[in-house]
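The values are calculated or read from the model by the stated rules, or taken from the named source; none is laboratory data. Keep in mind that what you see is a predicted model, and the values were worked out from it rather than measured. When we count neighbours, we look across all protein chains shown, and the Cβ atoms used for this are built from the backbone with ideal geometry, even at glycine.
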Amino acid sequence: MTRYILYRLAFFVPLIVALAVLLFLAVRLLPGDPVSAMLGPAASAERVAELRHQLGLDRSIPAQFGTWLRGVVHGDLGLTASSQQPISDLLVHRIPASFELMLGALIVILLTSLPAGFLAGARPGGRVDRVVSAVTLVGLGIPTFYLGFLCVLLFAVTLTYLPSQGYVPFSEDPKQNLRFLLLPAITLGFSLAPYLTRMTRATVAQVTKEPYVRAAEARGLGRSLIFRRYIVRNAIPNLVMIYGLMLGSLVSGSIFVEALYNWPGMGRLIVDGVLERDYLVIQAMILLYAVVFATLTLICEIVQAMLDPRVRLR
Amino acid sequence: MGRARLVKGLLLSSAAFGLLASGAWAKDGSTAQSSKGVAGPKLMASGNLTTLQTEPDQGLDPAKAADSASGQMIGFLTEPLVSWNQKGVIVPALAQSWKITKAGRVYTFKLQPSARFSNGRAITAADVKFSLERLKRGANGKASLASVTSITAVDASTVRLNLSVQSSSLIEALANPYIAGIVPKKEVLANKKYFSKPSPTSGPWTLTDYQAKSHATLTANPYYWRKGFPNIKKITYTFIDDQSVAAPAIESGSADMASVGYADAQRMRQQGKYPIYETDQIAEIFWGLDTTKPPFSDKRVRQAVAYQFDRRARQANCWFGTGALSFGAVLRPYDPNYVNITTYDVARAAAKTKAEQLLDAAGWKVPSGGGTRVSQGVAGVADGTPLKFDVPYEGHWTAASCSTQLLQQNLKEIGFDATPVKYDDAAFWTDAGAGKFTMYHGGFGASSAADLYVNNFTSTGAYTSIMTHLKNPVVEGDGRTVDQLIAAAVKAPTAADRKRLFGILEQWQADYLPWIVVGHQFGQTATSPKLKNYFATPRTDFPRALVTAYMSK
């Protein structure tokens, strides 16, 4: 197992470095220029040159990359171009909000997709399976933004049960925090739940067809026992990987949901960075997302290997 | 710039009433104004207010920040010497009274005895002198305080402004809450980060927390000069990127005040449940033209577009009936120098005929088989060149997209092939400045008529090379050049003189059309029905209109 983990880790570091190089170059291919965006077209040439120097944009691309990478290694992500604030300071406030939103969405997903998928997959073609398939088909057809607008319209504007936007840290007011969280978490969760329900259902249905399940049935074991001991146990390793990769989708899906509900998370920071051509913000955020995604994948692979020894042998 | 600058602030825009509004001329030729009973009655208990606004990206320095988002927050935090009341009259603020003597060339202000910064330190004449001198040196006050030659702190509570010439607009500039607020000399000099961190302020509220890209918290200044005010003790200032979240936030009760989109504003106005306040500002919506080369180097082509574009349809369909229409004027109807120009207010059929005649005369003819016009004898253009080009607009701006599509349809009727192009916001003004566009949709804001004309029409104006490409032409019928006329208008000794001179300029540009202004965009602010005693009007100082407001249960 240790060898397997070291083997995976050996890929992890080069992957992150390669991503860093790629995103650094990709960001610079974006049309527009942060200095022009900040100063406008009427700025004097001296002021433009001064700001370019201040932001380090007058240096060669390799020199800029070297400075940035050195800073990243030392935990210094640089300053925002517009307000000249440390990006790491912004992240300190953003990460908990984004994490909370993703956790909320994950709970929604686990409470809906897992039971629905298992129930549907346990009896493929049965009544529950047909209902779940129909519901998830509708769910897959609803874009996240539309679902979000529907939630706002129904729960916030029409019924006024929940606020349509806002955020209060959990430490300040737990009750209010949960009120603010509910709609964004439901929107984000339900945007991914149909897909995961179907994946869960397919995985479970596949396991039910395995010879050892048939053999258990032939031996006369009870349905409940077969389900717990043979179906669930064998489906879980695959589901760990599927749900782990889905967490990456939560990260990207949160960008829209944060904008819709004015949730002060990392997604909005990316949007602002792109609109303002704030290279350092974009680089910091994409790198952070890449590290989170790669780490989650790594954890899932390790957990999967722990649950299923066959994975380690592949 | 562009839309960002378009929604920029109310700035000096409240310049309608001038001295006549601020006080009657006394027989000795001086004017005097003073406050009485300024500490109004204590109203009902207050509560907190949550407002959704764009983040003040340009910081909170009143002398430098030029965007509306910054101006709005500065207006909450700093107090000017004088301010506009809800009737559009200039009334005392930090200055308890003022006198204008020496034929309008000396202004003497007496400060409120109770005036203090939020840290309890008394606001002195030295602070006023420091603040106004900073403003005069900064980009925001250079034009509006140009006539001020010196500022003297006569004693701790008296400050005197000496002017080179009588100014009809100085008092209005000093009433501008977004740039003319008083800042504490000692603290500003001692703290380099004064304008970006919570610091002592003179306004009704003070900044207690600022989380970039998230929110700010403003709390009532306990030493505000109007005793017992402001009623609202805490303002949560939530920053938004997407205006579409604003209306649902008001309707769901999760915000009490927010700038809403035009469609939402109109819908909420029709519902009648949520008060909508319109903000007056100089914010032109225009067609930018490259007048340095064909086809728009020919005035007749510019005029053809001006006739043919359906301005009423633009306002109704793209701005949902909000804002103002323009049929030739650059200044908006609230401006004291406004002249109602109706050059292009022509019935649609007649406008089309006129536009076609102008294009024909300019050498852009309809081919025998119909379709897009082609050049015939146009100087500098090969014969047979189609009258065809792209019209970029800022991609993030929905109303601009709508307007550009309308333009395409309008121009198609006269054989003009204009294709709307959704353009990257970040590159838009850089590329406009680089002369990449033949025609484009633009939005522009300014602090005053003087600011607008100086920056966009003079040969040395900051934006002239991008917006109008003017090189100091002679104004037909007047004989003076544009630069000379603008200089005369800016320094006009009386409001009447100023209006007359700007009137000449307005008429000239409506004919010459260095750009085609088709209307004005006004900010729409929706409030919760729980917000009471808030009487903002387009002519009001918005932050000070909130001072007496309160939140009902």
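The set of residues in the stretch A:246-281 being touching a helix residue (DSSP H, G or I) at 6+ places or on another chain (Cβ under 7 Å) and more than 11 Å from chain B (Cβ to nearest Cβ) consists of A:Met246, A:Leu247, A:Gly248, A:Ser249, A:Leu250, A:Val251, A:Gly253, A:Ser254, A:Ile255, A:Val257, A:Tyr279, A:Leu280. Among the residues of the stretch B:183-202, those that are away from chain A (no Cβ under 14 Å) and of a type in the set (S, T, N, Q) comprise B:Asn191, B:Ser199, B:Thr201, B:Ser202. The conditions of being under 15 Å from B:Ile285 (Cα atoms) and of a type in the set (Gly, Ala, Ser) are met by B:Ser401.
Restricted to the stretch B:491-540, and to residues there that are of a type in the set (Lys, Arg) and part of a loop (DSSP other than H, G, I, E, B), the residue that is surrounded by the fewest Cβ atoms within 10 Å (Cβ to Cβ) is B:Lys530. Of all residues being assigned to a helix (DSSP H, G or I) and either in contact (Cβ under 8 Å) with a residue 60 or more places away in the chain or more than 14 Å from chain A (Cβ to nearest Cβ) (or both) in the stretch B:264-299, which is farthest from B:Asp431 (Cα to Cα)? Just the residue, please. Looking at residues that are assigned to a helix (DSSP H, G or I) and either in contact (Cβ under 8 Å) with a residue 60 or more places away in the chain or more than 14 Å from chain A (Cβ to nearest Cβ) (or both), I get B:Gln270.
Per the conditions (1) more than 10 Å from chain B (Cβ to nearest Cβ); (2) in contact (Cβ under 8 Å) with a residue 40 or more places away in the chain, the sole criterion not satisfied by A:Leu90 is (1).
Does the stretch B:363-399 hold any residues that are in a strand (DSSP E or B), more than 30 Å from B:Ala263 (Cβ to Cβ) and charged (D, E, K, R), and which are they? Spell out how you get there, then give the answer.
Residues of the stretch B:363-399 that are in a strand (DSSP E or B), as a first pass: B:364-365, B:374-375, B:386, B:388-394.
Now narrow it down to the ones that are more than 30 Å from B:Ala263 (Cβ to Cβ): B:364-365, B:374-375, B:386, B:388.
Passing the criteria: B:Lys365, B:Lys388.
Conditions (1) over 30 Å from B:Asn472 (Cα atoms); (2) more than 14 Å from every other protein chain (Cβ to nearest Cβ), marked per residue:
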residue: B:Leu358; (1), (2): no, yes
residue: B:Pro367; (1), (2): yes, yes
residue: B:Ala379; (1), (2): no, yes
residue: B:Asp424; (1), (2): yes, no
residue: B:Ala434; (1), (2): no, no
residue: B:Met439; (1), (2): no, yes
residue: B:Gly442; (1), (2): no, no
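Tallying residues that are closer than 12 Å to B:Ile414 by Cβ and without any contact (Cβ under 8 Å) to a residue 24 or more places away in the chain within the stretch B:350-369 yields 4. Taken together, the criteria exclude A:Ser191 from residues that are in a loop (DSSP other than H, G, I, E, B), crowded, with 23+ Cβ neighbours inside 10 Å and among the hydroxyl-bearing types (Ser, Thr, Tyr).
Checked against the criterion of being under 30 Å from B:Thr494 (Cβ atoms) and of a type in the set (Gly, Ala, Ser), the candidates B:Ala361, B:Ala329, B:Ala399 yield just one match: B:Ala329.
Checked against (1) touching a helix residue (DSSP H, G or I) at 6+ places or on another chain (Cβ under 6 Å); (2) at pLDDT below 85, A:Gly104 meets all criteria but (2).
Listed here are the residues, each with its yes/no results for (1) within 30 Å of B:Ala489 (Cβ to Cβ); (2) modelled with pLDDT of 95 or more; (3) outside any loop (DSSP other than H, G, I, E, B); (4) among the β-branched types (Val, Ile, Thr).
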| position | (1), (2), (3), (4) |
| --- | --- |
| B:Gly104 | yes, no, no, no |
| B:Lys110 | no, yes, yes, no |
| B:Tyr178 | yes, no, no, no |
| B:Lys193 | no, no, no, no |
| B:Ser199 | no, no, no, no |
| B:Gly203 | no, yes, no, no |
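Within the stretch A:98-118, the set of residues being of a type in the set (Gly, Ala, Ser) and within 13 Å of the chain's Cα centre (by Cα) comprises A:Ser98, A:Gly104, A:Ala105.
A residue that is within 14 Å of chain A (Cβ to nearest Cβ), touching a residue at least 24 places away in the same chain (Cβ under 8 Å) and closer than 28 Å to B:Arg498 by Cα cannot be found anywhere in the stretch B:150-171. Going through (1) in a helix (DSSP H, G or I); (2) more than 29 Å from A:Ala259 (Cβ to Cβ); (3) not β-branched (Val, Ile, Thr) one by one, A:Gly220 falls short only on (1). Among the residues of the stretch B:304-326, is there at least one that is in contact (Cβ under 8 Å) with a residue 24 or more places away in the chain, under 28 Å from B:Gly71 (Cβ atoms) and within 14 Å of another protein chain (Cβ to nearest Cβ)? There is no residue in the stretch B:304-326 that is in contact (Cβ under 8 Å) with a residue 24 or more places away in the chain, under 28 Å from B:Gly71 (Cβ atoms) and within 14 Å of another protein chain (Cβ to nearest Cβ). Residues in the stretch B:397-422 that are under 25 Å from B:Thr385 (Cα atoms), away from chain A (no Cβ under 14 Å) and surrounded by fewer than 18 Cβ atoms within 10 Å (Cβ to Cβ): B:Gln405, B:Gln408, B:Gln409, B:Lys412, B:Glu413, B:Asp417, B:Thr419. Being over 30 Å from B:Ser114 (Cα atoms), more than 9 Å from chain A (Cβ to nearest Cβ), assigned to a strand (DSSP E or B) and in contact with a strand residue (DSSP E or B) (Cβ under 9 Å, 6 or more places away or on another chain): is that true of B:Ala258 here? Taking the combined requirement at face value, the residue satisfies it. The number of residues in the stretch B:232-254 being over 17 Å from B:Gly523 (Cα atoms) and more than 7 Å from chain A (Cβ to nearest Cβ) comes to 6.
Counting just the residues of the stretch A:248-298 that are at pLDDT below 85 and not in a helix (DSSP H, G or I), which one comes out surrounded by the most Cβ atoms within 10 Å (Cβ to Cβ)? The residue in question is A:Asp278. As for the stretch A:287-295, it holds no residue that is more than 14 Å from every other protein chain (Cβ to nearest Cβ), in contact (Cβ under 8 Å) with a residue 12 or more places away in the chain and over 15 Å from the mean Cα position of the chain (by Cα). Take the stretch B:401-440 and flag every residue that is free of Cβ contacts under 8 Å to residues at least 12 places away in the same chain and more than 24 Å from B:Tyr463 (Cα to Cα). If the condition is that a residue be free of Cβ contacts under 8 Å to residues at least 12 places away in the same chain and more than 24 Å from B:Tyr463 (Cα to Cα), then B:Gln409, B:Lys412 are the ones that fit.
Residues of the stretch A:299-310 include at least one that is more than 14 Å from every other protein chain (Cβ to nearest Cβ) and without any contact (Cβ under 8 Å) to a residue 24 or more places away in the chain. Screening the stretch A:77-103 for residues that are crowded, with 20+ Cβ neighbours inside 10 Å and small (Gly, Ala, Ser) and picking the one that is farthest from A:Ala259 (Cα to Cα) gives A:Gly78.
Among residues of the stretch A:152-178 being more than 10 Å from chain B (Cβ to nearest Cβ) and assigned to a helix (DSSP H, G or I), the one that is surrounded by the fewest Cβ atoms within 10 Å (Cβ to Cβ) is A:Lys175.
Within the stretch B:220-231, does at least one residue satisfy the condition of being within 14 Å of chain A (Cβ to nearest Cβ) and either within 27 Å of the chain's Cα centre (by Cα) or not basic (Lys, Arg) (or both)? Looking for residues that are within 14 Å of chain A (Cβ to nearest Cβ) and either within 27 Å of the chain's Cα centre (by Cα) or not basic (Lys, Arg) (or both), one finds none in the stretch B:220-231, hence no. Filtering the stretch B:203-223 to residues that are within 14 Å of B:Phe76 (Cβ to Cβ) and out of contact with any strand residue (DSSP E or B) (no Cβ under 8 Å at 6 or more places or on another chain) leaves only B:Gly203.
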